[in-house]
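One structure below.
The values are calculated or read from the model by the stated rules, or taken from the named source; none is laboratory data. Just so you know, these numbers come straight off a predicted model, no measurement behind them. Neighbour counts run over all protein chains shown; Cβ positions are idealised from the backbone, glycine included. Ligands, DNA and RNA are stripped out before the accessible areas are found, and what is left, the full protein with its side chains, is counted by its heavy atoms. Shrake-Rupley method; radii C 1.70, N 1.55, O 1.52, S 1.80 Å.
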Amino acid sequence: MGTRPGAEAKPSQVKPVSRRNPLLAALTLLLYGATALVVLVVVAWFAVPALIPGFLRPATLPAPGLVAGLTLDPTSTAPITFPTLPPEWTITPSPPPSATRTPDRFPSPTASLAFGTAATELPNLNRTAESGSDARVAADVTFLRVRALPGTAGDIIGNLPALTPVRIIGRTPEDDWLEVIGPDDLRGWVQAQFLDVYINLLSVPVTAGAVLDATATQLAPGEARVKEAGGNLRLRQTPGTAGAILTHLPAGLSLDLVGRTADNAWLQVITSDNQRGWVMTQFVDVFISLNGLPVTGTAVDATAAPPAQPAAGIPPGAPSTQVAAAPTSPPTLPPPTALPPTPTATQPPPPTAAPTEPPVSAPPLPGDLLFGVSDHAREIYLAGQTLGNRANVFAKVGDSITVSPQFLTPFGYGQFNLRDYEYLAEVVNFYGSGWARTGNAFTNVSLAAKGGWSTFSVLSGSLSDKSFCGPAESPLVCEYRLTRPAVALIMLGTNDVFGTHDEAYLANLRRIVADTVGRGVLPVLSTIPPFLRAGYEARADQLNALIVAVAQEHQVPVWNFWAALQPLPNHGMGSDGVHPAWAPNATDFTPENLQYGSTVRNLTALLVLDALWRQVMY
């Protein structure tokens, strides 16, 4: 084909082939091959150790075939042995506690106060578990109801007193009810909250699937209530009209039942505000069968008696109610005995054994120091023993005068010298051998005594130590529940001088006595010391008159501390006119120390405790 005229021929458009392409492809293939080889080597290293050359194999890896060929010779295998403990590590079972052993009487706060080489032993709170029982009824429970079925709808088939050991054989899924076997093969259901349990309940089989509680048709929240026509019902300390009147109950008040007389004419009750005593059945609406309640008392009715005659010597301002005499003259302390005086050291050795019964003789106690000790005092003491109260424990109830470190505490550590009153060593030993909450009765830190407290304070649930006490439990009741004393030394009133009217003071003091007697604790009401502040000097006398009146109403003893202070310089009071004067040594009964109010209070406290021990606690 020819070209068009004027057209020029163009050069070829085909590009020459590069010489570098084959070389780049070869290098790429070589790189891929090397990478694959490395991967194969690594996999072989971990997966097949036998393929690894010997010079590359780690020193800790055995040669191929050695592991597979390694076998154990059963005939040459040595028995497994364990190291032997050195002799000082050998576990030796503790010997069983001796039934006759008496705890050390004077727990030593420091090594310098220790007596002998034996350490003070604390009480074993888990003794029930040691005896083979799984639980026990809590100490603050008067009677625990045993029911045929779990729940409040179950019939009451028996009652268990406080501290009764039981064996747990079943439970509900929620662990709120436990099936137990108690003494005399009593078998039934109890509420778990009222037991001290020593085992893991997960090991106990579930033997009931549902709890049957009483229906809402029951009109009263308790087991009984005061009838509408029974308002002002008398709550008595013991069954029968001879029982001392503790208080009066309003109509409709809810009651829990804990006991009865054999003829069901009297019921032992606990009120909804935690007062305890006896009421006549005819004035109570009862919502449960009485057959399940234990017979806990016998009624004693009052007999006709001539009216009491006025007694001379009642403190100034006494009310019109006739009360036992409270002489205003100072007491004459008992004369020294023929026994030799105690050593001059302030720390005599403790006795070898605590007396179990009060001695039969002692110098006479002045009648104006302690009065009002009656048969009723012994009835209170015996009632407390049936409730589990400790005979060798007393409680301290009061204010700053009571919490003073000079008041009784040194006796519990053996820091005293009785001098001419050596016979009081026996009562010191007796109470020194008991155990309260934090120590013996002398050293125990009372939850019912605190600086600045009045009669209102000791009854107030908001002032109790919630580390130990219930949400609404008063300090007084909390102390009694935890220490279970037989006697309570009560002195309250110094902080009532300024703002407490007579009516309120009387009501508070009556409640204090009722709460004390209701728990089987014998109250000893102490008169308060003089109040030497301008314009208030007569107020102590007025409150002391009320103290005597309440003591007479409830037939309980009076410790006339006020009278014991009268012959002392400044009536035994310190410079503030409110607190007894501090002595150089308030537990060393020298004539010089007995010029101070704090020493006289210690001496008279021991005299009172000693007299009650002899006259009441036999």
Ratio of the Cα radius of gyration of segment 489-618 to 2.2 N^0.38 Å, where N counts its residues: 1.09
Under-5 Å amide H pairs with Asp588, H placed in peptide plane, nonlocal only: Asn417
Computed P(r) (all Cα pairs; segment 172-214; 5 Å bins; percent): 5, 19, 32, 27, 13, 4
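Excluding Asn593 itself, calculate the net charge of residues whose Cβ lies under 13 Å from the Cβ of Asn593, where each Lys or Arg counts +1 and each Asp or Glu counts -1. Can you show the working numbers first?
On the way: positive: Arg419, Arg601; negative: Asp420, Asp588, Glu592.
Residues near Asn593 contribute -1 overall.
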Residues of segment 387-468: accessible area per residue with a 1.4 Å probe, Å²: 30 Å²
Amide H partners (placed H, <5 Å) of Val146, local residues excluded: Ile157, Gly158, Asn159, Leu160
Under-5 Å amide H pairs with Leu233, H placed in peptide plane, nonlocal only: Leu249
Accessible area (Å², per residue) of segment 545-618, counting only protein heavy atoms and a probe of 1.4 Å: 29 Å²
